[in-house]
Structure formats: C-alpha cells, structure tokens
1. For the range 84-123, build the convex hull from the C-alpha positions and give me its volume per residue in Å³.
2. Expressed as cubic angstrom per residue, what is the convex hull volume of the alpha carbon set of the range 68-207?
3. Given the protein chains as shown and a 1.4 Å probe, how many square angstrom of residue 7 are accessible, to the nearest 10?
4. For the range 43-102, what are the per-bin percents of Cα-Cα distances with bins 5 Å wide, up to the bin holding the maximum?
5. Quick one: how many Å² of residue 191 are accessible to a 1.4 Å probe, rounded to 10?
6. What is the spread of the Cα atoms of the range 1-50 along each of their three principal axes, largest first, in whole Å?
7. Please go through the range 1-74 and write out the chymotrypsin sites (Phe, Trp or Tyr not before Pro) that DSSP classes as loop and that have at most 15 other C-beta atoms within 10 Å.
8. Based solely on its DSSP helices, what 222 nm [θ] is calculated for the chain when runs of n ≥ 4 H residues each add -39,500 (n - 2.57) and the sum is averaged over all residues, nearest 500 deg cm²/dmol?
Amino acid sequence: MFEKKHCRSLIDILDFSPEEIQDLLVTANDIIAHPEAYSECCHGKKLATLFFEPSTRTRLSFEAAMYELGGHVLGFSEAQSSSASKGESVADTARVVSCYADIIAMRHPKEGAALVASMNASVPVINAGDGGHLHPTQTLADLLTIYREKGGFENLNVGLCGDLKFGRTVHSLINALSRYPGLKLWLISPEELKLPSYVKKELLQEKNIHYVQTTDLEGCMPELEILYMTRVQKERFFNEEDYLRLKDSYILTPEKLHNARADLCIMHPLPRVNEISVAIDDDPRACYFKQVLYGKYMRMALILKLLKEAGTL
Ligand code: NCD
C-alpha cells in the first residue's frame, strides 16, 4: 500500500540554513579525510537518478557518491527511455519511483519539476537542475571549493561571468552567497544574458548586496577573488542565430589574467565549451576540476543527511 509521508528534500539551496550548510561542509571534509569510515553507511539503500536532460558530472557524481557510501543506484539518463515519453506526469513518476528507491535525484528541463516531484514522492527528492532555474547540488560543490580555497564565505569579491540569464548554477550560487556578510558581486555578461530581474530584486536589492553589472571582464579582474565562468546555455535559446552570436562573448585566456590577483580562484561548473582556454588548466588558480571532485563529496554528505532525516538510516 502506497503511503504518502512528508520528507525533507533539497529543491533550493535556501532550503538549508547556513548552519546546515556548515554541517555538510564538515561532513564532506571528514569523508575526504576518512573515506573508509563511510564506505558502508548506505548499505542496502537505493538512489534513483531520474535524468530527463543530458548530464555527465551531476548524474555520475550522484552515482559515484552512492556507491562510495555502499549503496545501490537505479534510474535513467534520458526522457526517451522513461515513461515520460508515454505522457506520464512528473508527479506520477515520483510516486512510482518512491516504491523502488530510498532517495531520488532528478534533473528536468522544466522549472519547478523537482518541487512537484518532492510534493508527490514519499522519499527525499534532490533537485539536480530544473530548467534555467536552480541547481543546488552544484552550489554545494561550489561552496566546498570556496571553503577549501578561501577558508569561508564572508567578505568575498565574486565575479560571475557568461550566461547569467539561463545559468541555473549562477542563480543557486547567488542564493547561497547572499546570506554571508560583506559579499560583493560583479555580474559580467552580454546585455541579452543579464541576471533575471527576479533574482536581482529578491536577492540583491532586498538584501542590500553590493553588485556591479558590467560587460567588461578585464576591467573588473583586479578586484576578484573568485571568478565563476559559465557556458552560454545553448539548449535554452529559442533561435540558433542568437546563440551563435553570443556563445563566444567571453573566452578566458592567460593574457586576460595579466592583472588578476595571485590568489584568484577560477571556477566553472562545467561542461566547458570555449569559455576557458585549455592553456589555463595548468594555472594553479584553476579550480574547476577540483570542483568536480568536491561535488561528489558534498553529494555523499547530502545523501547521508537526507536519509537520516527521513529515518531511513
Ligand atoms: C551545469 C548545469 O547542468 O546547469 N552543469 C553541471 O551540472 N555541472 C552547467 C551547464 O550545463 O552549463
């Protein structure tokens, strides 16, 4: 008999308090230091990865996280191979999968899909990206990277560059950072790809956060401690012409770093297209591959937290 119970989910990074984020960081650091202590924590538990949109890192990182906790994984990696192609609703899929798995990670092209799933599932749901809206687990990866590189989140000078309109990783990262004092943001994008006004209004203006909107990456470089590059989100464009015109708006090359700080931390959620020249990969300031690894540890910490809160562990 299907029993509907309410479970804690992660849909928006703001669902977790700063204290809870801190606890996840501590757990992730402990997993990094003592991985063997966690290798059987999720013995017999199952994670379902429901990916209605392409993914490499996020899905594999969730799967690797669950395997490293001693658990199992089931799921699908494209909408065509699921019953969505027969017209099944997200709500029904969530109910059905709750009968098979202890926790769900879901990526979907529609904004709000993970929220709908969480309202209908009887197990915790993790938003692994909903359209151009949010991507809280990428933010967990970003936060661990910043924490390990910079030691904390206060008084940071952060540049966000590229597709700030459709880039869900940017929206979630701003949500998270907006809660720490002394934040200064440089929003670097072409006119057409500026941060949506709802994010600006609800997060930056209402919280009185200092921000500069600019098209000039090199002009703000000397100020930045963190530079978060993003890909122009091809799949969210209505016409290809606009994408082709905007896709190479920003390409970070070694020359463009001539006036950057020695302690700059260069981040990117990946996949990279052209935004960061491969010539930067060996620069000690390039943190984007570390970010990938940190994402796995934060997902391990997250799975543990949500399963414990659901009473499954
Ligand atoms: C991001 C995403 O899916 O939003 N990728 C990821 O999960 N690391 C960024 C992107 O696709 O550009």
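The values are calculated or read from the model by the stated rules, or taken from the named source; none is laboratory data. Source: prediction; values computed, not measured. Ideal geometry is used to build each Cβ from the backbone, glycine not excepted, and the neighbour counts take in all protein chains shown. Calculation scope for accessible area: heavy atoms of the full protein, side chains included, ligands and nucleic acids excluded. Shrake-Rupley method; radii C 1.70, N 1.55, O 1.52, S 1.80 Å.
1. Values: hull volume 2.6 nm³, N = 40.
Taking the convex hull of the Cα positions in the range 84-123, it is 64 Å³ per residue.
2. Working: hull volume 19.8 nm³, N = 140.
Measuring per residue, one finds 142 Å³ for the Cα hull of the range 68-207.
3. 10 Å²
4. Histogramming the range 43-102 at 5 Å steps yields 4, 18, 26, 24, 18, 8, 2 percent.
5. Looks like 120 Å² after rounding.
6. So the three principal-axis extents are 41, 30, 19 Å.
7. Working: sites: 2, 16, 38, 51, 52, 62, 67; in loops: 2, 16, 52.
Answer in residue order: 2.
8. Numbers: 9 runs with 103 residues, N = 313.
Computed mean residue ellipticity for the chain: -10000 deg cm²/dmol.
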